[in-house]
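Down below is the structure, laid out as structure tokens.
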Amino acid sequence: MNKTATRALVTGGSGGIGGAICRRLGAAGHFVYVHAHRGTAAAAAIAGDIVAAGGAAAAVHFDLTDAAATRTAVEKLLEDGPVQVLVNNAGVHDDAVFPGMSPAQWHRVIDLSVNGFYNVTQPLMLPMIRTRWGRVISISSVTALAGNRGQVNYAAAKGALNSATKALSLEVASRGITVNAVAPGIISAGMGDDAFDVAAIADMVPMKRAGTAQEVASLVGFLASEEAAYITGQVISINGGMMGS
């Protein structure tokens with residue numbers, strides 16, 4: 001690999017939004033680690049697409065909810081140098097109205113988004129700080145800002161990411177590291193594709209359409225760039241004008 005390229009890790013990179021983010025960062029010249037837990041074939045395919053397009057990428061596989069396995073994987077990546085762009089994209093839905101929500105549903109969603117954030121971000125921070133340049137971008141959700149029936153667990157998980165983003169940004173701002181969150185609304189990619197029909201989207205979204213994974217990736221790509229050097233501690237919505245966000 002080109003050790004002079006900025007190295008980026010995208011968790012959950014094998015999904016629709018994650019894959020678009022990986023391709024966007026690859027096109028911008030980053031060496032992209034496409035992370036997956038179960039979607040290993042998809043991650044390898046996305047990494048291959050980036051390489052075929054003239055970029056540099058590799059697929060990596062580990063379980064973000066396994067603290068020891070994640071630390072081992074991250075330490076292996078750090079052997080080649082610091083990871084200066086981290087996109088915390090991995091997440092999962094497990095919807096149920098709260099009175100009927102099982103402990104497993106609650107913990108599964110919280111564990112991946114919140115504990116996964118800690119497990120992968122914390123060991124990357126000191127090496128990033130030493131370079132005095134970095135970008136940490138977490139994928140949140142409109143649900144964390146406006147709420148949604150049946151998603152108390154998901155709202156709690158993404159809300160925690162928003163708060164962690166604001167606090168961490170204060171700790172590392174003087175070191176040239178920005179920390180932001182992106183809060184998508186209804187996006188036509190991966191999770192949520194079947195949750196709303198066209199009429200429901202037209203009723204909920206002033207732009208009368210779902211967003212695309214590429215639109216989310218463009219925002220992430222901007223936040224990962226030098227052009228966004230003075231933006232930090234923000235939760236930026238991308239939702240076609242939905243209210244309550």
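All of the numbers you see were taken from the coordinates with simple rules; none came from a lab. The structure presented is a predicted model; accordingly, all values stated were derived computationally and were not measured. Using ideal geometry, Cβ is built from the backbone for each residue, glycine included, and neighbour counts are taken over all protein chains shown.
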ask   = What 222 nm value per residue comes from the helices of the chain, counting each DSSP H run with n ≥ 4 as -39,500 (n - 2.57) and dividing by all residues, nearest 500 deg cm²/dmol?
value = -13000 deg cm²/dmol
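Under the definition of Cα pairs under 8 Å and six or more residues apart, what whole-number percent is the relative contact order of the chain?
19
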request  = Provide Met128, Met242, Met207 in ascending order of the number of other Cβ atoms located within 10 Å of each residue's Cβ, fewest first.
outcome  = Met207, Met242, Met128
request  = With everything on Cα atoms, drop me the angle between helix 67-78 and the longest principal axis of the chain, reported from 0 to 90° to the nearest 10.
outcome  = 40
query = log₁₀ I(q)/I(0) of region 148-192 at q = 0.15 Å⁻¹, via Debye over equal Cα point scatterers, no solvent, to two decimals?
reply = -0.52
task = Could you grab the relative contact order for region 1-123? Cα pairs under 8 Å, six or more apart, rounded to a whole percent.
result = 26
key: For region 7-238, size of Cβ-based charge dipole, Lys and Arg +1, Asp and Glu -1, in debye   = 440
ask   = In square nanometres, what is the average projected area of the Cα convex hull of the chain?
value = 12.7
task = Would you be so kind as to identify which of Val205, Ala164, Gln84 lies farthest towards the positive end of the dipole of the chain, taking Lys and Arg as +1 and Asp and Glu as -1 on Cβ and the Cα centre as origin?
result = Gln84
key: Extension reserve of the Glu79-Asp94 stretch, reckoned as 0.36 nm per residue once the Cα distance is removed   = 1.8 nm
key: For region 26-97, with +1 on Lys and Arg beta carbons and -1 on Asp and Glu, the positive-most of His30, Val97, Thr72 along the dipole   = His30
key: Against the rule of thumb 2.2 N^0.38 Å, how large the Cα Rg of region 60-167 comes out   = 1.15
request  = Report the one residue of Ile46, Ile110, Gly176 whose Cα lies farthest in the direction of the positive end of the charge dipole of the chain (charges on C-beta: Lys and Arg +1, Asp and Glu -1; origin at the Cα centre).
outcome  = Gly176
note = Magnitude of the Cβ-charge dipole (Lys and Arg +1, Asp and Glu -1) of region 68-150 about the Cα centre, nearest 20 debye, reported as 240
request  = Run down the aspartates and glutamates and flag those whose C-alpha is under 12 Å from the C-alpha of Lys208, throwing out any fewer than 8 positions away in its chain.
outcome  = Asp197
remark   = For Ser188, placing the label point 7 angstrom along Cα-to-beta-carbon and taking region 2-35, residues whose amide nitrogen sits under 20 Å are 15-24
